[in-house]
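Taking it in order: structure first as structure tokens, then the write-up.
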Amino acid sequence: MSWIVAKLSIQGINDVLDRVGDFELAQERSPRSIAIYAPNAPGKSGYADAIERLFSEGDSPAEERGIEPRVSITLINSESGESVQVPPLVKTGRTDDMLPELRPIVCAAPAHRILRQHDLRRFVVDMTPGEPQGQDAAELFRWSGLTRLEQVLKHLEETTSKLAGRDLSWEIVGRVQDIARHTNNAVTRYDERAVLDWCEAETERHLGKRLAIDSVEGMKKAIRTLKRLQGRIIVMSSATTGSYQAKLALEQLATGLIPPTRPEPCPERGRRGSRRDGQLQVCHTALSDAVAAERHTESLFTVAKNNVFQEVWDAAKVILESQITDECPVCRTPWKKTRAASQEAAVITITRSLDELTELAAARDDQQKATRRLNRAIRNLEKRLAQVSTEAKKLSLSVIETQATELAKAASTLGTTDRFPSQMQDECEALLTRCHELVAQRLQPALQSLPHMVAPVTTAQVEAAIEHFQALWDALIRLKELHREQEEYQKVRRSFDAMAEVIQERAAALVNDVVAALEGDVQSIYQTIHPTDAVPNIHIVPDTESRTLRMQVGFRSPDELAPPAGHLSESQMNTFGLALFISSVGLFNRQFPFLLLDDVFASYDADYRQRIVDLVAERLDGFQVFLTTHDWPFYSMLKDRLHDKGWLFEHIEEEE
Amino acid sequence: MSLWICSRISEFLDSLFQEEFDDQTRYDPEVVRLVEEHLRQRSPHSKAGSQLAEALVQLAKARAVEGNQ
């Protein structure tokens, strides 16, 4: 035993209690229990209200009834002799906290210390989870001394939930997207080496030389180098742009005239050439096609002339001279005297001649097309030669410039002549040969002998490169930080999870121990009051989801359990509640074993009085009891049993 | 562990922190300190769970920064 109530003074409840509200409850350091008899109605429940108000925070039944009792109390530690005196307490509102002197004493004895008659049933019935009784369920936890443990477990769950919600992967994904954006999607994952390689390639592209970048820190050096060389790049750019572009144009023109030799000829290449032919080859092909088309047309024309025109005119002449009746309907020549000799032969001859005329017309069309192609090819050649001359001048390639100009003029002359292709064939082939010599023997060697030129870059390009490098540096640094943070976070979380698991396991074991002790104690107390009844199996089940204790009883097998309400009688329910209360204070309130029983036995029949007196005398022997009753026989029996055990007995008469 | 001792939650927590969690090979001392600081009080803050989570995150961040330097 530790703390006991030595003195208690209660005033301000009502007139009756004002007169008898002072109690001396200790003799030296030994506690004295007290039983108070008062008939119904003088307001003895005010004692319970006043004391509960002293030991509670916030609302209490006294506030609910509009009563503001003044309570003073003196507590003594029975072992050390230390005392705590609380003067008449004035609470001014519902938010008043418990007095700081009392807090450690009350917290050391967390179970309920005040039991009213209506609590008996409420503890058993209203605590059943599933009903809208959340506050009461929490109260039961508190009553069982497990409130703080429940709070600790709730906080642990909250911490676990918050930690689980922390996720760095979104920022990591965002930074990797930065890398992809600033490398033009060349690198799409967190690969430091790949990013550095890309940066090296970029420096080569912009500076004409490769800068070795071995680390993220090396990127800063590359950025400084880019900035330092930026001015030189711009100067070089303006100086070399003209020459670079002229050389590039000449290279393209040379390739356009004579493409690079292919390793294998294209088997599908048509007679008129393909898109991969150079312009000189195109001209050659067009010339050959045009000459061939011209000759083909001439050939058909000769045949048509012999076979059609002359035959017609000869036949007409015979018709006009002969005047024969049995004759051709056109020329009135007897069929036997015509060259055809018969009508059938004449029809065949006329048909063939008409076919030859059709073929001739098609050949003339082809010839015109071939000629137009040849003219276009020559004009195109002339244009390219003129460009060669212009660009060669920019690079001071004067011989090439002169020859290209001459050849362009010759091409122009050829393109404007009205001669047939066959008539200018030799001249055209000579021109093409000279063009070939110009390109192959002069232009291409000249281009190869020119110094290597780097593609000039603009200021914007260099600035963009620096910006990309800076962004990539930021992304790599942050990704490194994020991975490091994630690694540390996982370590911390693993350690916390291990702790939480141990606390939860030990807490579960503790709850099970408490529950097992409560079950055994409750059953024993129940049996004391109802020795002749069938004693139910009492089960108190910790419900982890609703964080409460579920009361169940069974009369047959452990598998057939049910809520107490509906299975126990009124007195059995009261006994269940009483047993829970006595058991919990016995288990949890030994540091401050003061308890108040406010007329809780009134609901029992007279048959139970002796057993309850025995229960109070034996089970509450180690407690300091403050008991009130309006049952005079019970009061008398209690007095007989305990008057020489240090108990005090007060008798309050109702005023007239 | 007697029921009497267990029923006093502060002693229950004391026994855990002084015996079980004192093993630095199994539990990170800094994490143990933070859990103790937030949950071992007689009246933990109503948001002690969230505050503990934030303190653990800050611990990880601080260590990451330290490691990066």
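Just so you know, in region A:494-534 the residues that are within 15 Å of A:Leu578 (Cβ to Cβ) and β-branched (Val, Ile, Thr) include one that is farthest from the other protein chains (Cβ to nearest Cβ), and it is A:Ile529.
For the condition surrounded by fewer than 16 Cβ atoms within 10 Å (Cβ to Cβ) and touching a Ser or Thr at 6+ places or on another chain (Cβ under 8 Å), A:Ala565 qualifies. Of all residues in region B:44-61, none satisfies being at pLDDT below 90, more than 7 Å from chain A (Cβ to nearest Cβ) and part of a helix (DSSP H, G or I).
In this structure, B:Val31 does satisfy being of a type in the set (Val, Ile, Thr) and touching a Phe, Trp or Tyr at 6+ places or on another chain (Cβ under 6 Å). Could you look through region B:10-20, keep only residues that are within 8 Å of chain A (Cβ to nearest Cβ) and in contact (Cβ under 8 Å) with a residue 12 or more places away in the chain, and pick out the one that is nearest to the chain's Cα centre (by Cα)? Result: B:Leu13. The residue pairs whose first member lies in region A:592-620 and is among the basic types (Lys, Arg), whose second member is surrounded by fewer than 19 Cβ atoms within 10 Å (Cβ to Cβ), and whose beta carbons are closer than 6 Å, counting only pairs six or more residues apart or on different chains, are A:Arg609/A:Met637. There is at least one residue in region A:622-640 that is out of contact with any strand residue (DSSP E or B) (no Cβ under 7 Å at 6 or more places or on another chain) and modelled with pLDDT under 90. Just one of the numbered conditions (1) of a type outside the set (S, T, N, Q); (2) away from chain B (no Cβ under 14 Å); (3) surrounded by fewer than 17 Cβ atoms within 10 Å (Cβ to Cβ) is not true of A:Tyr190: (3). Report, by residue number, each residue of region A:146-179 that is more than 8 Å from chain B (Cβ to nearest Cβ) and not in a helix (DSSP H, G or I). The answer is A:Asp167, A:Leu168.
Here's the yes/no breakdown for (1) surrounded by 15 or more Cβ atoms within 10 Å (Cβ to Cβ); (2) under 30 Å from B:Phe12 (Cα atoms):
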position: A:Ile477; (1), (2): yes, no
position: A:Arg484; (1), (2): yes, no
position: A:Glu487; (1), (2): no, no
position: A:Ser495; (1), (2): yes, yes
position: A:Ile503; (1), (2): yes, yes
position: A:Asp513; (1), (2): yes, yes
position: A:Asp521; (1), (2): yes, yes
position: A:Gln527; (1), (2): no, no
position: A:Ala534; (1), (2): no, no
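Is it true that some residue in region A:442-450 is free of Cβ contacts under 8 Å to residues at least 60 places away in the same chain, within 14 Å of chain B (Cβ to nearest Cβ) and either surrounded by fewer than 18 Cβ atoms within 10 Å (Cβ to Cβ) or closer than 30 Å to A:Ala404 by Cβ (or both)? No: zero hits.
Of the residues contained in region A:622-642, one or more are found to be in a loop (DSSP other than H, G, I, E, B) and under 30 Å from A:Ser83 (Cβ atoms).
The values are calculated or read from the model by the stated rules, or taken from the named source; none is laboratory data. As the structure is a prediction and not an experimental result, all values here were calculated from the model. Note: ideal-geometry Cβ built from the backbone for every residue, glycine included; neighbour counts use all protein chains shown.
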